[in-house]
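To start, the structure under review is shown below, and the notes come after it.
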Amino acid sequence: MIAPIQIKNTLKEYFGYDKFRPLQEDIINSIFNGHDNLVIMPTGGGKSICFQLPALLLEGITIVISPLIALMKDQVDGLTTNGIAAAYLNSSQNETEQQEIYTRIAAGELKLLYTAPESLTYLENIFSSETISLIAIDEAHCISSWGHDFRPAYTNLGYLKKRFPKIPVIALTATADKATREDIANQLNIPHATQHIASFDRKNLKLEVRPANDRVKQIISFIDERPNESGIIYCLSRKATEAVAEKLQGANINAAAYHAGIAHEKRSKIQEDFINDNCQVICATIAFGMGIDKSNVRWVIHYNLPKNIEGYYQEIGRAGRDGLPSNTLLFHSYGDVIQLQKFAQNSGNVEVQLAKLDRMKEYADALSCRRKILLSYFGELISEDCGNCDVCQNPPQFFDGTIIAQKALSTVARLDGQEPIGVVIDVLRGSQNSTIQEKGYQNLKTYGIAKDIAWLDWKQYVTQLVNLGYLEIAFHENNKLKLTEFAKDVLFNGKKVDLANLVEAEKHIEEQKVTATKAKKNSLFERLRLLRLKIAKEENVPAYQIFNDATLKEIEMDRPMSEDEFVRISGVGKVKLMNYGHQFIKEVIDFTGEKKSKRKGDTTKKTYELYQQGLSISEIAKERKLAETTIFSHISKLFAEGKDIDLTQFIDKHDLESIKTAKKELEDPNTLKAYFEHFEEAIPYSTIRIGLTILDKEDS
Ligand SMILES: [Zn+2]
């Protein structure tokens, strides 16, 4: 049996975290109890730890089945930087490389081995001679033809449970509806697997939709507000990815296009540059992002409307995997809807595709909380509005739009439902173009009755009327705008129509400027980021694998200046402390030193001066108008720096003994909280900190 404290210590030591994210602990315990598990967790929810951590504590080797070679390499690199012995075995390696891995396995060196479902045969000799501790099947939806990424080789995996009935199997995926879940469990021969279904809500992603006017201009100003932040722009066509990338390059933005038509080698290079923070923006078709695990993608833009909500959700999910606030922006245009309608008409499953597109359109047109709509699509209901979507933050104001509605509807009636939206607006605005002239529309009674409303505003009002159900677009008939039966109520029975005030794109940009968190050029975060980039280049690994953005933010906030403080940062494990701690601590100290020398004196120095004058802690606190705990932390810091301070005067001998014993019993935990809880809150934090500082000094 594995003790909870051992699990917690492993989490901190190897992964650098003090606590688990939702469901992780349950899943891990279930594995330790020998059960099979099926895990549905959205991208960024922390799936991998669910099998990586047990792999470390269980006897033998964990086999991980993963579909993509790029993903395997990425995960193995990540594990290695955390000091975990892992490798992958697949067809991209030559015989010597493979032999080397077999040797490491035979020597009992490896805890995790990644492989593709196609490469199972390579493992036969391992299966017969080594102890398998756990079998993890990642992207498990690939086994089901109900899922959206069916992969034939996955269907061989049911064999594993038959061969090793006593070894726990864990199957993981980010997307699977009920039918797919059952199918996965049955095909893998784990029908009684415990199912763990995490919430689909990614609270850190801001959801925003804007009308697709002047997209490139909007994108450039969006990126200008976020210097150095990585992002992906999804486009519908290869041509669009290139056109957008080119325009961004023209605006001095470090952008590249990525699509399946680009030569393999060049594509890998682009992907690698993006992962390593050498390329800021990727303009891609949906193919991009499948196999990458970059945690600091700060934003995702949809240049075009996606064809369904599943795809949209998966794509925006590539932002903010580190849990930090991230932006998503979708441009909505009817041109895209029409294009996608055509694609759907030519697909094998017309009705389903059209229905899915409809839901996507409803989401984009929404006048109420978008997250509610998104989550309800996945069967998850939330009662409160999210507060982190554009609708919540800028709720539409409604006005009496009856006259506008009547003008539009009667124009459609006079055109006999034979013209698309553009012509209807041209008639309303009294345009003199050739279509109008040729067809004699200038003689209609409603010609030019609404010149005062701008063309683009009309487009949005008509869209609202479509969404309200008074008009419909006949997609099969060249997108002619037609009246619905509800239109009569407005035209003839005096029904009132409420329309939402329009929010202009320009205003959006202005607001963005105010709210965007500007990366300050001289901030500590920026310095830490550059240090990370430098180390990443030296070690030839992606920057986020050194530390993710969330960890850098925490370093910026907490300013750790000793190893003791540094290891308390979330994301800092034992190996990373050893490998990088020194450099990051130095950066913090240098930065803080520079800042402070600019101000008058150093805060701990001031405390030290008062201490030397013989003031007590409470007197110093009063004098400096700071909390006593702050003064205690200064004193501890000064002591650790080697200043002549007798710390023992601040701590009862008994307490010091208790802390010493607890340190042993708790196996030297990394958090003060562990001690605080151990003493059932009887010894205050400041005392624990002082005790540990003394003990650390004794040890060193
Ligand atoms: Zn909302």
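For the range 549-640, please list each of the helices (runs of 4 or more DSSP H) lying entirely inside it that holds at least 1 residues being more than 28 Å from residue 21 (Cβ to Cβ).
So the answer is 582-598, 603-612, 617-624, 628-640.
List pairs: first residue in the range 181-209 and free of Cβ contacts under 8 Å to residues at least 24 places away in the same chain, second residue away from the ligand (no atom under 16 Å from the Cβ) anywhere in the structure, Cβ distance under 6 angstrom, at least six positions apart or on different chains.
Sorted first by the residue in the range 181-209, then by its partner, the pairs are 191/185.
Do any helices (runs of 4 or more DSSP H) entirely within the range 438-547 hold 2 or more residues that are closer than 15 Å to residue 405 by Cα and at pLDDT 85 or above, and if so, which?
Passing ranges, in order: 455-467, 487-492.
Sort out which residues of the range 349-381 are within 12 Å of the ligand (Cβ to nearest atom) and in contact (Cβ under 8 Å) with a residue 24 or more places away in the chain, and write them in order of number.
Residues satisfying the conditions are 363, 366, 367, 370, 371, 374, 375.
Restricting the search to the range 209-248, which residues are crowded, with 21+ Cβ neighbours inside 10 Å and out of contact with any helix residue (DSSP H, G or I) (no Cβ under 9 Å at 6 or more places or on another chain)?
241, 245
From the residues in the range 337-348 that are in a loop (DSSP other than H, G, I, E, B) and small (Gly, Ala, Ser), which one is nearest to the ligand (Cβ to nearest atom)?
That would be 347.
Output yes when any residue across the range 276-291 is within 21 Å of residue 375 (Cβ to Cβ) and either in contact (Cβ under 8 Å) with a residue 60 or more places away in the chain or under 16 Å from the mean Cα position of the chain (by Cα) (or both), and no when none is.
No, the range 276-291 contains no residue that is within 21 Å of residue 375 (Cβ to Cβ) and either in contact (Cβ under 8 Å) with a residue 60 or more places away in the chain or under 16 Å from the mean Cα position of the chain (by Cα) (or both).
Considering (1) crowded, with 17+ Cβ neighbours inside 10 Å; (2) free of Cβ contacts under 8 Å to residues at least 40 places away in the same chain; (3) over 26 Å from residue 278 (Cα atoms), say which one residue 595 fails and leave the rest.
Unmet condition: (1).
So, of the residues in the range 555-574 that are buried (at least 17 other Cβ atoms within 10 Å of the Cβ) and more than 19 Å from residue 640 (Cβ to Cβ), which turns out to be farthest from the chain's Cα centre (by Cα)?
Per the stated criteria, the residue is 574.
State yes or no: is residue 352 assigned to a helix (DSSP H, G or I), farther than 25 Å from residue 240 by Cβ and in contact with a strand residue (DSSP E or B) (Cβ under 7 Å, 6 or more places away or on another chain)?
Spelling it out, it is not the case that residue 352 is assigned to a helix (DSSP H, G or I), farther than 25 Å from residue 240 by Cβ and in contact with a strand residue (DSSP E or B) (Cβ under 7 Å, 6 or more places away or on another chain).
Does residue 325 count as outside the structural domain of residue 557 (by TED's automatic domain parsing) and surrounded by 23 or more Cβ atoms within 10 Å (Cβ to Cβ)?
No.
Tell me, which helices (runs of 4 or more DSSP H) wholly within the range 1-109 include 1 or more residues that are assigned by TED's automatic domain parsing to the domain that holds residue 178 and over 18 Å from residue 133 (Cβ atoms)?
4-10, 24-32, 69-81, 95-106
For the subset of the range 262-284 comprising residues that are modelled with pLDDT of 90 or more and among the small types (Gly, Ala, Ser), which member is surrounded by the fewest Cβ atoms within 10 Å (Cβ to Cβ)?
263
Checking the structure you have, find out if any residue of the range 443-461 is touching a strand residue (DSSP E or B) at 6+ places or on another chain (Cβ under 7 Å), crowded, with 17+ Cβ neighbours inside 10 Å and not polar (S, T, N, Q).
Taking every residue of the range 443-461 in turn, at least one turns out to be touching a strand residue (DSSP E or B) at 6+ places or on another chain (Cβ under 7 Å), crowded, with 17+ Cβ neighbours inside 10 Å and not polar (S, T, N, Q).
Residue 136 is checked against (1) surrounded by fewer than 16 Cβ atoms within 10 Å (Cβ to Cβ); (2) modelled with pLDDT of 95 or more and fails just one. What number does that condition carry?
Exception for residue 136: condition (1).
Is there a residue in the range 602-610 that is of a type in the set (Lys, Arg) and crowded, with 17+ Cβ neighbours inside 10 Å?
No; the residues of the range 602-610 include none that is of a type in the set (Lys, Arg) and crowded, with 17+ Cβ neighbours inside 10 Å.
Evaluate the following for residue 200: is it on the phi < 0 side of the Ramachandran plot, in contact with a Pro (Cβ under 6 Å, 6 or more places away or on another chain) and of a type in the set (A, V, I, L, M, F, W, C)?
yes
More than 29 Å from residue 201 (Cβ to Cβ), crowded, with 17+ Cβ neighbours inside 10 Å and under 26 Å from the mean Cα position of the chain (by Cα): does that describe residue 64?
No.
If we keep just the residues of the range 168-187 that are modelled with pLDDT under 95 and in a loop (DSSP other than H, G, I, E, B), which is nearest to residue 144 (Cα to Cα)?
Among those that are modelled with pLDDT under 95 and in a loop (DSSP other than H, G, I, E, B), it is 176.
Can you find, within the range 382-399, the residue that is farthest from residue 41 (Cα to Cα) among those that are more than 7 Å from the ligand (Cβ to nearest atom) and part of a loop (DSSP other than H, G, I, E, B)?
Looking at residues that are more than 7 Å from the ligand (Cβ to nearest atom) and part of a loop (DSSP other than H, G, I, E, B), I get 397.
Given 196, 141, 192, which one is over 25 Å from residue 362 (Cα atoms) and in a helix (DSSP H, G or I)?
Going through 196, 141, 192 in turn, the sole match is 141.
The values are calculated or read from the model by the stated rules, or taken from the named source; none is laboratory data. As the structure is a prediction and not an experimental result, all values here were calculated from the model. As a convention, Cβ positions derive from the backbone with ideal geometry for all residues, glycine included, and neighbour counts pool all protein chains shown.
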